[in-house]
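What follows is calculated from the coordinates using simple rules that are stated; it is not laboratory data. Every value quoted in this text rests on a predicted model; they were computed, and no experiment measured them. Positions of Cβ are backbone-derived with ideal geometry, glycine not excepted, and every protein chain shown enters the neighbour counts.
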Amino acid sequence: MRFILVRHGETVWNQEHRLLGRTDQPLSPEGVRQARRVAATLRGLPIAALYSSPLRRALETARPLAEAVGLPVRTDEALLEVDHGSAEGLTREELRARHPEFLTAWEVEPHAVRFPEGESAGDVQARAWGFAQALRQAHARESVVAVTHNLVIKALVCRAIGLDLGAMRRLGQDPGGVTILEFDGAEPQLVVLNSTAHL
């Protein structure tokens, strides 16, 4: 299976560098442009299925692609972004003021801590990886697209290529960026990481 992962387009909170997890924000005008560019780039590929996080910014990114390839968008909560809990919507400075111990731990071992009243990166990885394995069974030898979120994609990449989750902070994943994993045999391969040439 070729698993094409698309990060949703930009939102206002992305521009403001705020933690954006479950808040249901729409795309910014730039995010809408990015979604159209993703659709134009992937239009000619033999895509068997299109999945999306149920959050608005992901669905708004997926819909132009759905129109381009003639497929419905199927939503799945396994593709939701990490639940930031009480840290949701905060900038880095605000997070440092309200949850200094968490931020210190996050900067050192992001894989080993849970957001205050929210999820951990391990929680995200477990549900996203389970989803990927189910797709692998359902879509063997096919190409599948999932429009999802920053941490979800990073967690999947780490698991696929055997990196400790702590390495996720060293992986780039821009709004509208495309990452491709291939599941062919025992060892998944990272074929493309955060391609933004189409943008």
Fill in the blank from the handout: Scoring the chain by relative contact order with C-alpha pairs under 8 Å, at least six apart, yields a percentage of 31 percent
Completion exercise
Measuring from its Cα centre, the stretch 1-99 shows a charge dipole (+1 at each Lys and Arg Cβ, -1 at each Asp and Glu Cβ) which, in debye to the nearest 20, is 340 debye
Practice task
Would you pull out the residues with amide H under 5 Å of Ser143's amide H, same chain only if 5 or more places away, H placed 1.01 Å from N?
Solution key: Arg2, Ala48
Problem - 222 nm mean residue ellipticity, helices alone, for the chain (DSSP H n ≥ 4; -39,500 (n - 2.57); rounded to 500) - result: -12000 deg cm²/dmol
Handout entry: the stretch 49-199: radius of gyration and largest Cα-Cα distance (Dmax), Å
Key = 16.0, 49
Practice task
Please work out, to two decimal places, the log10 of the ratio I(q)/I(0) at q = 0.20, 0.24 Å⁻¹ from a Debye calculation in which every Cα of the stretch 1-74 carries one identical scatterer.
Solution key: -0.81, -1.08
Exercise for the section: For every other residue with a beta carbon closer than 13 angstrom to the beta carbon of Ile161, add +1 if it is Lys or Arg and -1 if Asp or Glu, then tell me the sum. Expected result: 0
Fill in the blank from the handout: If the chain between Val32 and Glu93 were fully extended at 0.36 nm per residue, the gain over the current Cα-Cα distance would be 19.1 nm
Fill in the blank from the handout: The ³J(HN,Hα) series, computed from each phi in the stretch 70-83 with the Karplus coefficients 6.51, -1.76 and 1.60 at θ = phi - 60°, rounded to the nearest Hz and given as x for glycine or proline, is x, 10, x, 9, 9, 9, 8, 5, 5, 8, 5, 5, 4, 7
Exercise for the section: May I ask you to evaluate 6.51 cos²θ - 1.76 cosθ + 1.60, the Karplus curve with θ = phi - 60°, for each residue of the stretch 138-151 and list the ³J(HN,Hα) values in order in whole Hz, giving x for glycine and proline? Expected result: 7, 10, 4, 6, 10, 9, 10, 10, 10, 8, 8, 10, 3, 5
Handout entry: Ordering of 177-187, 89-99 by burial proxy (mean other Cβ atoms within 10 Å per residue, highest first)
Key = 177-187, 89-99
